[in-house]
1. Which numbered condition in (1) within 20 Å of the chain's Cα centre (by Cα); (2) buried (at least 20 other Cβ atoms within 10 Å of the Cβ); (3) more than 8 Å from chain A (Cβ to nearest Cβ); (4) more than 30 Å from A:Gly132 (Cα to Cα) is the only one that B:Tyr227 fails?
2. Which one of B:Ala312, B:Ala296 is among the small types (Gly, Ala, Ser), within 14 Å of chain A (Cβ to nearest Cβ), in contact (Cβ under 8 Å) with a residue 40 or more places away in the chain and closer than 27 Å to B:Gly132 by Cβ?
3. Within the stretch A:287-322, can you find the residues that are hydroxyl-bearing (Ser, Thr, Tyr) and assigned to a helix (DSSP H, G or I)?
4. Could you check the stretch B:111-126 and list, in sequence order, the residues that are open to solvent by 10 Å² or more (accessible area, probe 1.4 Å) and either acidic (Asp, Glu) or touching a Leu at 6+ places or on another chain (Cβ under 9 Å) (or both)?
5. If you go through the stretch A:165-185 one residue at a time, do you hit one that is surrounded by fewer than 24 Cβ atoms within 10 Å (Cβ to Cβ) and within 14 Å of chain B (Cβ to nearest Cβ)?
6. In the set B:Val83, B:Val114, which member is within 14 Å of chain A (Cβ to nearest Cβ) and within 14 Å of the chain's Cα centre (by Cα)?
7. Step by step: first the residues of the stretch A:240-268, then only those that are assigned to a loop (DSSP other than H, G, I, E, B) and open to solvent by less than 10 Å² (accessible area, probe 1.4 Å), then the one that is nearest to the other protein chains (Cβ to nearest Cβ). Which residue is that?
8. Taking the conditions exactly as written (under 20 Å from B:Thr112 (Cβ atoms) and within 20 Å of the chain's Cα centre (by Cα)), does B:Ile185 satisfy them or not?
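The values are calculated or read from the model by the stated rules, or taken from the named source; none is laboratory data. Quick caveat, the model's predicted, so the values are computed rather than measured. Every residue, glycine among them, receives a Cβ derived from its backbone with ideal geometry; neighbour counts consider all protein chains shown. For the accessible areas, the whole protein counts, side chains as well, though only heavy atoms, and no ligand, DNA or RNA atoms are used. Shrake-Rupley method; radii C 1.70, N 1.55, O 1.52, S 1.80 Å.
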Protein chains: 2
Amino acid sequence: MKRREFLKATGLGAAAAGAIAAPAIAQSMPAIKWRMPCSWPKSLDTLYGAAEVMAKSVAEATDNKFQIQVFAAGEIVPGLAIVDAVQNGTVEIGHTASYYYFGKDPTFGFGTSVPFGPNARLNQGWWTQGGGEAALNEFYKKYNTRGLLAGQTGCQMGGWYRKEIKSLDDLKGLKMRIGGWAGKILQQLGGVPQQIAAGDIYPALEKGTIDAAEWVGPYDDEKLGFYKVAPHYYSPGWWEGGSMLLAFVNLDKWNALPKSYQAVLEQAGHYANTWCMAKYDHLNPQALRRLLGAGAKLHVFSPQIMEAAYKATMELHAGVAKDNASFKKVNDSMMDFTKNAYQWFQLAEYSYDNYMIRALRG
Amino acid sequence: MKRREFLKATGLGAAAAGAIAAPAIAQSMPAIKWRMPCSWPKSLDTLYGAAEVMAKSVAEATDNKFQIQVFAAGEIVPGLAIVDAVQNGTVEIGHTASYYYFGKDPTFGFGTSVPFGPNARLNQGWWTQGGGEAALNEFYKKYNTRGLLAGQTGCQMGGWYRKEIKSLDDLKGLKMRIGGWAGKILQQLGGVPQQIAAGDIYPALEKGTIDAAEWVGPYDDEKLGFYKVAPHYYSPGWWEGGSMLLAFVNLDKWNALPKSYQAVLEQAGHYANTWCMAKYDHLNPQALRRLLGAGAKLHVFSPQIMEAAYKATMELHAGVAKDNASFKKVNDSMMDFTKNAYQWFQLAEYSYDNYMIRALRG
């Protein structure tokens, strides 16, 4: 009996057809293992947690076929070199803040937040419906990467100060640990921005080598202990009105994924985004109470300081936009959406919050 | 040659092993078709759109193995009988607002929003991190359903009025089309709540059979044309500070799903939630400008009215909580989270919004 005839006789032809079909099914869910370094130490369990939640969501949605191993900053890639490692294919994906890479091009700033940009909800609105995702991914293509929304901190605090900041004069000569792009604004207001790694900020504040430092918000800040040596805690962090975290994927690796895995990755990132914001809203109030109990003194930046910072930001951005088409395109898109959206947000949303804040204080 | 030997000789044994393995792979991604009726007509493309986005996301993440067909209100199930149809297994899943079913038990209200509850972001925070999802799904179990987060409208508007509402006296005898639970508060303030289907509201307002009507916000309200006959548009909708939409799944169908499909469904729902909020934030400002251009007059409810409504709500909820353990449990959980979260939200978030709203007006 010839093979073909045997198959026909025994009905194994059908099984063989099954065997041929099997790889087609398997191909739609191939076993894939990726590595995802982060910019965060494990101790920042909101930020690092968002990366873990994203990886876990991908595994759950694919029956563990698509596995992403998460690494803390420095384990396999330095915390501030995530985009580089993704771009050159050292790793497939990385979880970071886009604005750490503004030195390559200031357009990277919009992937996290820029001073006086949208708040958390509107940032997410811009990304999802306002053209933000498309505008930024057109830009990220130059770096052979694709950005996926994968976390959100909400509006951050304006930092810890050894002395009160009552007027613009108090900013003159102020040495402050502050993120790169915001540092440029501080500089225009007479301050002296400092780049200091997390672990070195506390001793510098204690010794008076620096006068102030900003980090994130109550829950993350509490761990670094700044309230003990620089008790004046200002809000709002006008340079981070709603900071997104992104997972950058190597574009070749992205394009090689089955469409279903691309969809799973994007949805898992969105879930991590929601989870991260919720985590902060759950933990920040508790940390804030502890900080106040430990002697932190709350202040709000004066209108004079806010206005000077706003003016300096608009001037800086207009200047950069002149020579950088990518920056101009993304900035116009983000600020158009933001201006538009706040016209609605100020109405029901803001008046509701206004009432609730007063009612629940009682 | 015997079959076993033939297989061995030709190497088809391996292929057969593949054929045996195939069903195991296929089983983790079985072909499933579900039907999802909604409470929304297709014309409400934000709400109906959220259901469509959820279904599309599920299909994409499963390589079209898990398909959910979306139906508008009334196509296969009446718009306000979604939970019933899911509970009795007529359909596997349905997209609706939980508070439509408060007649069964007022605890259903918390699955959408209750007066003076959390705003959109904090509602999502409560659901995800504050125990909301667990508390509500313990309750929904009684109805053989599981609720998945699947949409969000943001804070709604406070409705359209033929005459200005300056004081509590103006609410006395006011006939208003308003959702069920909020209607109870209006009633305590002297108003006369009316239940009228969407299509009948406009003629009732025009004829003066009713004095006022609330719906959602600018984008949805515009379609119904209320501004032409009741031009006074009030904010905020204190009875809907941030309304969630849920997809209810029949609990037996849920439990029979592979774990991976459960994860896909939940993540798709979260994506629909983000999408829906973003859609509103994109479309509402444009609609608001058109409404203002067409003669709508914006007002904010007076502090006197807000305070009376707040007091009436707290009294009503305390009364219901006495006799309804589910209501008490979910209400305590939601309000603890809300009170806590607003203590943080008022700080950076609110002061940032406050500045941005003024700056962008200029």
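1. (1)
2. On the way: B:Ala296 fails: closer than 27 Å to B:Gly132 by Cβ.
Testing whether each residue is among the small types (Gly, Ala, Ser), within 14 Å of chain A (Cβ to nearest Cβ), in contact (Cβ under 8 Å) with a residue 40 or more places away in the chain and closer than 27 Å to B:Gly132 by Cβ leaves just B:Ala312.
3. Filtering the stretch A:287-322 down to residues hydroxyl-bearing (Ser, Thr, Tyr) leaves A:302, A:310, A:313.
Listed by number, the residues that qualify are A:Tyr310, A:Thr313.
4. B:Gln124
5. no
6. Details: B:Val83 fails: within 14 Å of chain A (Cβ to nearest Cβ).
None of the other options fit; the residue is B:Val114.
7. The first filter runs over the stretch A:240-268 and keeps only residues assigned to a loop (DSSP other than H, G, I, E, B), leaving A:240-243, A:257-258.
Filter once more, keeping what is open to solvent by less than 10 Å² (accessible area, probe 1.4 Å): A:240-243.
Details: A:Glu240: 9, A:Gly241: 5, A:Gly242: 8, A:Ser243: 11 Å.
So, considering only residues that are assigned to a loop (DSSP other than H, G, I, E, B) and open to solvent by less than 10 Å² (accessible area, probe 1.4 Å), the one nearest to the other protein chains (Cβ to nearest Cβ) is A:Gly241.
8. Working: under 20 Å from B:Thr112 (Cβ atoms): yes; within 20 Å of the chain's Cα centre (by Cα): no.
Answer is no for this residue.
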